[in-house]
Amino acid sequence: MKILLVGAGLSGAVIGRQLAEAGHDCRIIDSRSHIGGNCHTERDSETGVMLHVYGPHIFHTDDEGVWNYVNRFAEFMPFQNRVKTTSQDAVYSLPVNLHTINQFFGKTLRPDEARAFIESKADSSITDPQTFEEQALRFVGRELYEAFFKGYTEKQWGCSPQDLPASILKRLPVRFNYDDNYFFHRFQGMPREGYTALIAGILDHPRITVELETTFTPAMAEEADHVFWSGPLDGYFDYSLGRLGYRTLDFERFTYQGDYQGCAVMNYGDREVPWTRITEHKHFSPWESHEGSTCYREYSRAAEPEDIPYYPIRLVEEKSLLEEYVRLAEAQKSVTFVGRLGTYRYLDMDVTIREALDTAETFLTSAQTGQQMPTFAKSPL
């Protein structure tokens with residue numbers, strides 16, 4: 001079959017590779033001048049540092065199948081993300097852990113003592129947290145909430161934590177040990193030569209053709225037996241019902257001779273600091289050595305039509321509009337919507353790859369059995 005995949009990021013590359021290996025001809029197009037989508041990496045011409053052009057991407061997963069899959073196409077180096085935060089003129093480690101608690105409160109608490117201490121700080125009158133703020137107050141109390149969560153969240157989401165659902169703060173945001181590894185998954189690492197090289201490896205198959213700086217047209221779909229769309233869900237319909245809400249990021253690049261901050265990611269929890277964090281990209285490749293350093297200050301704001309969409313907002317208004325777009329999508333034939341933008345969901349890379357692998361398998365099974373391929377392998381609702 002002739003397959004058209006719109007988007008040369010992880011979703012398009014993985015689905016394309018699986019279908020190409022099964023004997024289908026896959027044409028992958030992307031409007032950008034490079035493959036990899038927001039995972040795109042490239043060497044900085046000034047410092048030689050490997051840059052995560054659209055912000056940091058750290059690979060972490062408990063899915064051994066996905067871990068084995070990416071290691072087919074790239075050499076992964078050990079990497080653990082150890083985030084720091086500057087708050088109230090002091091530097092702390094994140095996630096909030098036993099060291100953070102002892103440092104912040106000037107204590108020398110053991111784990112059980114710290115657990116009881118934080119419970120005494122928590123607002124136990126909140127029995128069913130509905131908002132982000134209530135969730136934080138219930139679990140960590142006002143002091144830690146205002147130091148590490150409130151200002152950062154206001155900057156990241158552009159609204160009060162009182163207006164955000166509790167689900168954004170899903171897990172208990174504190175550890176009662178000294179573990180400052182930001183993630184807790186079994187497999188964590190970084191591709192030695194960057195994510196673009198990883199995706200180039202996935203795309204390296206004789207039945208795959210890639211066309212960059214190419215915009216989708218309906219005529220392309222008519223030439224294909226099936227389309228996999230990883231662009232914005234609302235964009236497929238020319239935003240006919242309105243635009244789904246996203247947050248976008250602005251990056252302010254600067255260089256430094258030496259080591260600017262001593263870590264890859266430094267958050268800024270205070271509301272009066274306009275940026276959310278500073279990333280120093282040579283620390284994402286600790287196996288390399290660079291005298292110079294390339295850093296980015298990140299600023300979050302509401303996405304305008306010409307901006308790159310990063311984080312789906314998914315609040316009440318957006319969910320209502322999303323339901324309308326899902327109904328439109330399900331009326332389409334021979335189109336499957338995939339990935340972060342196609343399903344309007346925030347997805348980590350490992351989940352994106354797992355869903356792409358599963359989507360390809362569903363397609364191949366559907367083709368063999370004569371069943372219709374679902375519009376969404378994973379529902380956005």
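Since every read-out is calculated from the coordinates, none of them should be taken as a lab result. Source: prediction; values computed, not measured. Note that we place each Cβ from the backbone using ideal geometry, even for glycine, and neighbour counts take in every protein chain shown.
Here the 3J(HN,Hα) profile of the stretch 305-311, calculated from phi with Karplus coefficients 6.51, -1.76 and 1.60 at θ = phi - 60°, is x, 8, 7, 7, x, 10, 10 Hz, Gly and Pro shown as x. Can you list the aspartates and glutamates whose alpha carbon is less than 16 Å from that of Lys333, not counting same-chain residues fewer than 8 positions off? Within the straight-line limit of under 16 Å, Lys333 reaches these aspartates and glutamates: Glu222, Glu223, Asp225. Within a straight-line Cα-Cα reach of under 17 Å, Lys84 can be paired with the following aspartates and glutamates, leaving aside sequence neighbours fewer than 8 residues apart in one chain: Glu146, Asp179, Asp180, Asp259, Asp270, Glu280, Glu298. Rounded to the nearest 10 degrees, the angle from helix 132-144 to the longest Cα principal axis of the chain is 30 degrees.
Of the residues Ala303, His185, Gly339, the one whose Cα sits farthest towards the positive end of the charge dipole of the chain is His185 (charges of +1 on Lys and Arg Cβ, -1 on Asp and Glu Cβ, taken about the Cα centre). The Cβ shell under 14 Å around Arg327 holds other residues with a net charge of -3, Lys and Arg each +1, Asp and Glu each -1. For Ala22, what is the net charge nearby, where nearby means another residue's Cβ is under 12 Å from its Cβ and Lys, Arg count +1, Asp, Glu -1? With Lys, Arg at +1 and Asp, Glu at -1, the neighbours total -1. Taken about its Cα centre, the chain carries a charge dipole of about 640 debye when Lys and Arg each add +1 at the Cβ and Asp and Glu each add -1 at the Cβ.
Mind pulling the angle between the C-alpha long axis of helix 316-330 and the longest principal axis of the chain? Nearest 10 degrees, somewhere in 0 to 90. That helix lies at roughly 20 degrees to the long axis.
Using the Karplus relation 6.51 cos²θ - 1.76 cosθ + 1.60 with θ = phi - 60°, the per-residue 3J(HN,Hα) values for the stretch 83-100 come to 7, 10, 9, 9, 9, 6, 6, 9, 10, 10, 9, 10, x, 3, 9, 4, 5, 4 Hz, with x marking Gly and Pro. Can you pick out the pairs among Lys107/Lys155; Lys121/Lys170; Lys107/Lys170 whose Cα atoms lie more than 22 Å from each other? Exceeds cut-off: Lys107/Lys155; Lys107/Lys170.
Between Glu211 and Ser120, the simple label model (points 7 Å from Cα in the Cβ direction) yields a spacing of 6.9 nm.
Taking 20 Å as the straight-line reach from the Cα of Lys378, the aspartates and glutamates in range (excluding those fewer than 8 positions away in the same chain) are Asp62, Asp63, Asp234, Glu318, Glu323, Glu324, Glu330, Asp348, Asp350, Glu355, Asp358, Glu361.
Once you reduce the stretch 311-331 and the stretch 358-381 to the center of their Cα atoms, the two points are 21 Å from each other. Projecting the Cα atoms of Gly151, Ser125, Ile168 onto the charge dipole of the stretch 95-168 (Cβ charges, centred on the Cα centre) puts Gly151 farthest toward the positive pole.
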